[in-house]
Each structure stands twice: as structure tokens, then as C-alpha cells.
Amino acid sequence: MSAPDSTPGTAGELAGLRAVVTGGSNGIGLAIVEAFAAAGATVLALDLDPSAAPDGVRALACDVRDRASVTDAVDAAAEEMGGLDLLVNNAGISAVGTVEDLKDEDWHRVLDVNVVGMARASAAALPHLRRSASPAIVNLCSIGALNGLPQRVLYNASKGAVLSLTYAMATDHVHEGVRVNAVSPGTVHTGFVDRMLSRFPDPEKEKAALDARQATGRMVTPAEVAHAVVYLASPRAGSTTGTALEVDGGVTHLRARAVQASGTGAGS
Ligand code: NAI
């Protein structure tokens with residue numbers, strides 16, 4: 001299955017809406033910023049490193065580990081754009097290892113960004129979102145929330161918490177008209193993956209092996225993740241709240257069905 005054109009966004013789908021994307025200077029966050037702009041939104045990246053944003057992307061300094069920093073950045077963005085309709089909680093970090101490898105400081109460091117950071121940004125955005133005619137929050141989760149990716153116990157647990165956070169926030173704010181959803185990507189072909197592959201003697205061979213591990217025969221593109229976020233943020237998803245949309249090349253559900261079909265998944 002080949003990757004489609006990398007330019008996502010249905011023209012006008014987010015016309016007139018004002019958005020912030022945490023971690024929007026790089027990777028998936030940057031693809032979301034570009035897709036939001038292509039769909040007609042006014043959008044600002046909020047990032048630990050705003051200088052990393054390419055020309056044409058407006059980024060403000062923001063550290064989601066620091067409540068004052070997040071509140072100041074969200075308020076400044078809302079003031080600059082004349083309000084705020086959409087928050088994408090994308091900033092996230094990872095850690096490699098099992099429970100035996102990881103120290104308490106690793107747990108605090110990752111959960112502080114991946115879980116508490118989302119709660120901080122959401123709390124900062126909600127007063128603005130309540131004044132919007134079409135407010136929505138989209139959280140970046142991962143298939144690791146459900147699939148137990150090996151050697152990623154802390155990352156998986158943090159994304160499990162993102163799933164619970166998404167469902168709970170959707171419940172708490174549905175009566176205020178604020179929709180809250182998540183997108184769960186599989187393995188996404190970002191610069192991070194290319195840097196990791198470049199450390200192998202034959203990067204092309206390693207990439208082919210990584211592609212072959214995906215049910216569709218290739219990694220997910222950042223643009224495909226961004227397109228799912230555009231949809232969930234748009235008024236077209238007006239009846240969708242408290243969901244997580246997998247953009248994983250079928251890994252989660254095709255594998256579950258294959259296990260069931262082979263009989264080894266009975267009762268799971
Ligand atoms: P990345 O590492 O390429 O970019 C992350 C961005 O977040 C960077 O611009 C960084 O400066 C910013 N950031 C980090 N800490 C921050 C903080 N404390 N405050 C504000 N900004 C901060 O990451 P990538 O790969 O684009 O991932 C984005 C999101 O997608 C994360 O939540 C990640 O867990 C999730 N995801 C990524 C997958 C992948 O294969 N790359 C797969 C599934 C989920």
C-alpha cells in the first residue's frame with residue numbers, strides 16, 4: 001500500500017478556526033500545524049524549542065512541564081489570534097526499557113510531559129475554548145496504550161493514561177460543547193526514525209525490515225496522522241467525542257483478529 005500525496009487537508013475544513021499545537025516545531029506536530037493551515041485554520045506552534053520551527057510557521061516558547069509557561073503561552077496565542085477554538089496536545093517524549101531498567105526519575109520525567117503536560121495545556125485552553133462556537137481538543141496517544149510495545153513500559157503506560165484522560169475529559173466537558181478525542185498512531189516515519197536507522201550499517205535494509213513489520217507494508221506518514229487530527233478537530237466530527245482513532249496501518253485490530261482466528265486469543 002503506497003503512501004498518498006503528503007499534503008493533507010481539505011481546503012476550508014478548518015476555515016475561521018484558531019488553533020494551538022504543543023510540540024508543533026517538529027515531526028508529527030509540525031505536520032499537524034501545516035495540515036491545519038492547509039485546511040484554513042490560523043495556527044500557532046507552542047514548543048520547548050520555537051526556533052526549530054521552519055520559516056512560515058509561527059511558534060511561541062512553551063514548556064508543558066511548567067504550568068505558568070503553558071498558561072502564558074496559551075493566553076498569548078489566544079490574544080494574538082483573537083480567541084482559541086482548537087488545542088492539539090502533541091508534545092510527548094519516550095523512554096526505552098522495562099520496569100527493571102527504569103528509575104523513578106524516568107517515570108516522573110515522562111509522565112510529567114506526556115500526561116500532566118496534557119492536563120496543564122487543557123486547563124489553560126478551556127477558558128478560551130468555552131467561548132468558541134466550535135471547540136475541540138485532540139490528544140496524541142499511541143497504539144502502545146493498548147498493544148504493550150516491547151521495551152517501552154513507561155511510554156506505553158503514559159499513553160494508556162492519555163487514553164483515560166481523553167475519555168474522562170470528554171465526559172467532563174461534553175455539556176460545555178467541548179469535544180475531546182485522541183489519535184493513536186502506529187510507527188510513524190519521522191526524522192527521529194531516520195536518525196535511528198542511520199546508525200545501522202545498512203539503513204535501507206533496516207527501513208525495509210521496519211516497513212515489513214507493518215500490516216500495510218510501510219510506516220505511517222506524519223501527514224496521515226495530521227489528516228486524522230484535522231478531521232477530529234473539524235466541525236464535521238461534531239458528533240464524535242471520547243474516541244481514539246488508530247492510524248496504525250491496521251496493526252492493532254488486524255493483529256487482534258489474526259490471533260483470534262488462529263485460536264490462540266480465545267477469551268482475550
Ligand atoms: P518529536 O520528538 O519529533 O517532536 C516532539 C516535539 O515536542 C518537539 O518539537 C519538542 O521540542 C517538543 N517538546 C518536547 N518536550 C516538550 C515540552 N516539555 N514542552 C513543549 N514542547 C515539547 O516527536 P514526534 O515523533 O513527532 O511525536 C509527537 C507525538 O506523537 C508524541 O506525543 C508521541 O508520543 C506521539 N507518537 C509518535 C509516534 C512516532 O512514531 N513518532 C507514534 C505514536 C505516537
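The values are calculated or read from the model by the stated rules, or taken from the named source; none is laboratory data. Every value quoted in this text rests on a predicted model; they were computed, and no experiment measured them. For neighbour counting, all protein chains shown are included, and Cβ atoms are generated from backbone atoms with ideal geometry for every residue, glycine included. For the accessible areas, the whole protein counts, side chains as well, though only heavy atoms, and no ligand, DNA or RNA atoms are used. Shrake-Rupley method; radii C 1.70, N 1.55, O 1.52, S 1.80 Å.
Selection of segment 8-17 for residues being at pLDDT below 95 and either within 14 Å of the chain's Cα centre (by Cα) or at positive phi (or both) yields GLY9, GLY12. For segment 157-174, the candidate set comprises residues that are touching a Ser or Thr at 6+ places or on another chain (Cβ under 7 Å) and of a type in the set (A, V, I, L, M); within that set, the residue that is nearest to the ligand (Cβ to nearest atom) is MET169. Here the helices (runs of 4 or more DSSP H) wholly within segment 150-228 that include at least 2 residues being within 18 Å of ALA95 (Cα to Cα) are 153-173, 191-197. Only residues that are in a loop (DSSP other than H, G, I, E, B), open to solvent by 20 Å² or more (accessible area, probe 1.4 Å) and of a type outside the set (S, T, N, Q) were counted across segment 20-52, and they come to 3. Between ARG120, ARG65, ARG130, the distinction of being near the ligand (Cβ under 10 Å from one of its atoms) and open to solvent by 40 Å² or more (accessible area, probe 1.4 Å) belongs to ARG65 only. Checking ARG218, ARG195 one by one, the residue that is open to solvent by 30 Å² or more (accessible area, probe 1.4 Å), without any contact (Cβ under 8 Å) to a residue 60 or more places away in the chain and within 15 Å of the ligand (Cβ to nearest atom) is ARG195 and no other. Taking the criterion of being touching a residue at least 60 places away in the same chain (Cβ under 8 Å), in a loop (DSSP other than H, G, I, E, B) and surrounded by fewer than 21 Cβ atoms within 10 Å (Cβ to Cβ), the residues of segment 239-255 that qualify are THR240, GLY242, THR243. Applying the criterion of being without any contact (Cβ under 8 Å) to a residue 40 or more places away in the chain and in contact with a helix residue (DSSP H, G or I) (Cβ under 6 Å, 6 or more places away or on another chain) to the residues of segment 44-59, the residue that is farthest from the ligand (Cβ to nearest atom) is LEU44. Consider only pairs whose beta carbons are under 7 Å apart and that are at least six residues apart or on different chains; among these, list those whose first residue lies in segment 18-35 and is at positive phi and whose second residue is surrounded by fewer than 24 Cβ atoms within 10 Å (Cβ to Cβ) and polar (S, T, N, Q). Listed by first residue and then by second, the contacts come to GLY27/THR190.
Here ILE93 clears all of (1) open to solvent by 30 Å² or more (accessible area, probe 1.4 Å); (2) within 14 Å of the ligand (Cβ to nearest atom); (3) in a helix (DSSP H, G or I); (4) not small (Gly, Ala, Ser) except the condition numbered (3).
Of the residues LEU163, LEU210, which is free of Cβ contacts under 8 Å to residues at least 24 places away in the same chain and under 26 Å from ASN26 (Cα atoms)? Residue meeting the stated conditions: LEU210.
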